[in-house]
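The values are calculated or read from the model by the stated rules, or taken from the named source; none is laboratory data. Given the structure is predicted, the values throughout are model-derived calculations rather than measurements. Methodologically, a virtual Cβ is constructed for each residue, glycine included, from the backbone with ideal geometry; neighbour enumeration extends over all protein chains shown. Just the protein is used for accessible areas: all its heavy atoms, side chains included, with ligands, DNA and RNA removed. Shrake-Rupley method; radii C 1.70, N 1.55, O 1.52, S 1.80 Å.
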Amino acid sequence: MKPPVRHVLEVDDLSADELALVLDAAARPPEKPVLAGRGMALLFEKPSARTRHSMEMAVVQLGGHPVSIAGGEVGIDARESAEDIARTLACYHAAIGARVFDHRVLERMAAVSPVPVVNMLSDAAHPLQALADLLTVQQEFGDVAGRTIAYVGDANNVARSLAIGAAVAGAEFAMATPEGHRFADADLERIAAAGRPARVVDDPAEAVDGAHAVYTDVWVSMGQEEEAAERMDAFAGRYTVDEQLMSRAAPDAIFLHCLPARPGLEVTPEVLYGAQSRIWPQAENRMHAARALLALLLDTP
Ligand code: CP
Ligand code: NVA
């Protein structure tokens, strides 16, 4: 009997053992060209620099051929239903990656797709980013379990996947977020169920105290442009990662950001480009982590 198709829409679609395997494999060159003679469709409803390039190159490194598609080309639920787009792409490709506005579109594609569907960012989650983030922590400290990752800012897609990934990997996740921009109870329950509850506080200094990695992301994510003014009011003046805040972290702490950043808003240029910053290894790790994840999903007998 054929094994069930594996989709990765969030980090907890992987077990703790699988996550550890992916992080270890990401540090090595690919073992097998699991995509030789096959393609991967990469569908983007939103702009992308890191995700498109890291995924295209990961597919090439596995011997495959990536085909990137702008959302408008296929017209999700306009020209054709999300389900029929997934069924169509699966006729030609060994896997489908999609970056969508609405997470439910990914769930609908995964429900019918005969090939793996991988979330390349939705309003709810960014698991490929979290894999690269955890890989960067592992490279820096030799392990992820037992480390503390502090996140300052919006409880967004990046934060949710990082919190779940940290829980699966056995790291502590401490988060400073203003009221009104925190995780819902269901998110906190999912994080706890993944392995370890998140610690949520109001004060950035309290979250960052003694942390090994300090992480932030933009206050206004793609698709939230209409909320920009309200969001600036909620975050500005208190939730910027600056050198003073970094001094509260462990002496060997690193700074991480998924990018693109808004220097001067969620992080000062001094921290973003400073000695503790690992944003460029983190960006490179997107490719290594993606390659290792695809190898795990596609290396079926
Ligand atoms: N971090 C990240 O996903 O970057 P892009 O939006 O440029 O792909
Ligand atoms: N939270 C950001 C991440 C971009 C990579 C967004 O969704 O726009």
Amide H contacts under 5 Å for F255, restricted to residues at least 5 apart in sequence or on another chain and with H modeled in the peptide plane, are V214, S277, R278
If each part is reduced to its alpha-carbon centroid, segment 167-197 and segment 1-72 end up apart, in Å, by 26
Sorted by chain and then number, the residues having a modelled amide H within less than 5 Å of the amide H of D154, at least 5 places away or on another chain, are D217
Expressed in square angstrom to the nearest 10, the accessible area of T240 with a 1.4 Å probe stands at 30
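Assuming a ≥ b ≥ c are the square roots of the Cα gyration tensor eigenvalues, decide whether the chain counts as rounded (a/c under 1.5), prolate (otherwise, with a/b larger than b/c) or oblate.
Values: a/c = 1.84, a/b = 1.47, b/c = 1.26.
Note, shape of the chain comes out prolate.
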Among A95, A166, A36, the residue with the largest mean-square fluctuation in a Gaussian network model of the chain built from Cα contacts under 10 Å is A36
Rounded to a whole %, the carbon-and-sulfur portion of the accessible area of the chain at a 1.4 Å probe is 52
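If you place +1 on the Cβ of every Lys and Arg, -1 on the Cβ of every Asp and Glu, and leave all else neutral, what size is the dipole of segment 136-291 about its Cα centre, to the nearest 20 Debye? Before the final figure, lay out the partial values.
Details: 13 positive and 24 negative charges, 123 e Å.
So the magnitude is around 580 debye.
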Computed for the chain: size of charge dipole around the Cα centre, +1 on C-beta of each Lys and Arg, -1 on C-beta of each Asp and Glu, debye to nearest 20, value 1100
Along segment 144-152, Karplus-curve 3J(HN,Hα) (6.51, -1.76, 1.60; θ = phi - 60°) to the nearest Hz, with x for Gly and Pro, reads 10, 4, x, 7, 10, 10, 9, 10, 10
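So how much slack lies between A70 and A49, counting 0.36 nm per residue of separation and subtracting their Cα-Cα distance, in nm?
Numbers: separation 21, 0.36 × 21 = 7.56 nm, distance 1.30 nm.
Length gained, A70 through A49: 6.3 nm.
Could you tell me whether segment 119-181 comes out rounded, prolate or oblate from its Cα gyration tensor? Rule is a ≥ b ≥ c as square roots of the eigenvalues, rounded for a/c under 1.5, then prolate if a/b exceeds b/c, otherwise oblate.
Working: a/c = 2.37, a/b = 1.32, b/c = 1.80.
Note, shape of segment 119-181 comes out oblate.
For the pair V201 and E243, what calculated FRET efficiency results from E = 1/(1 + (r/R0)^6), where r is the Cβ-Cβ distance and R0 = 25 Å, to the nearest 0.05? Can you show the working numbers first?
Working: r = 21 Å, r/R0 = 0.83.
My answer for the efficiency is 0.75.
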Taking a crude spin-label model, label points 7 Å out from Cα along the C-beta direction, the R28 to L259 distance in nm is 2.8
Inter-part gap, Cα centre of segment 275-301 to Cα centre of segment 80-103, in whole angstrom, is 22
Per the 1/(1 + (r/R0)^6) rule, R0 = 41 Å and r from the Cβ atoms of D84 and D233, FRET efficiency to 0.05 is 0.45
Measuring from its Cα centre, segment 1-144 shows a charge dipole (+1 at each Lys and Arg Cβ, -1 at each Asp and Glu Cβ) which, in debye to the nearest 20, is 540
With every protein chain in place, the accessible area of D242 for a 1.4 Å probe, in Å² rounded to the nearest 10, comes to 50
Longest the chain segment clear of trypsin sites (Lys or Arg not before Pro) sitting in DSSP loops (not H, G, I, E or B) with at most 15 other Cβ atoms within 10 Å runs 80-237
Placing each pseudo-label 7 Å from Cα in the direction of the beta carbon, D143 and A192 end up separated by a distance in nanometres of 2.6
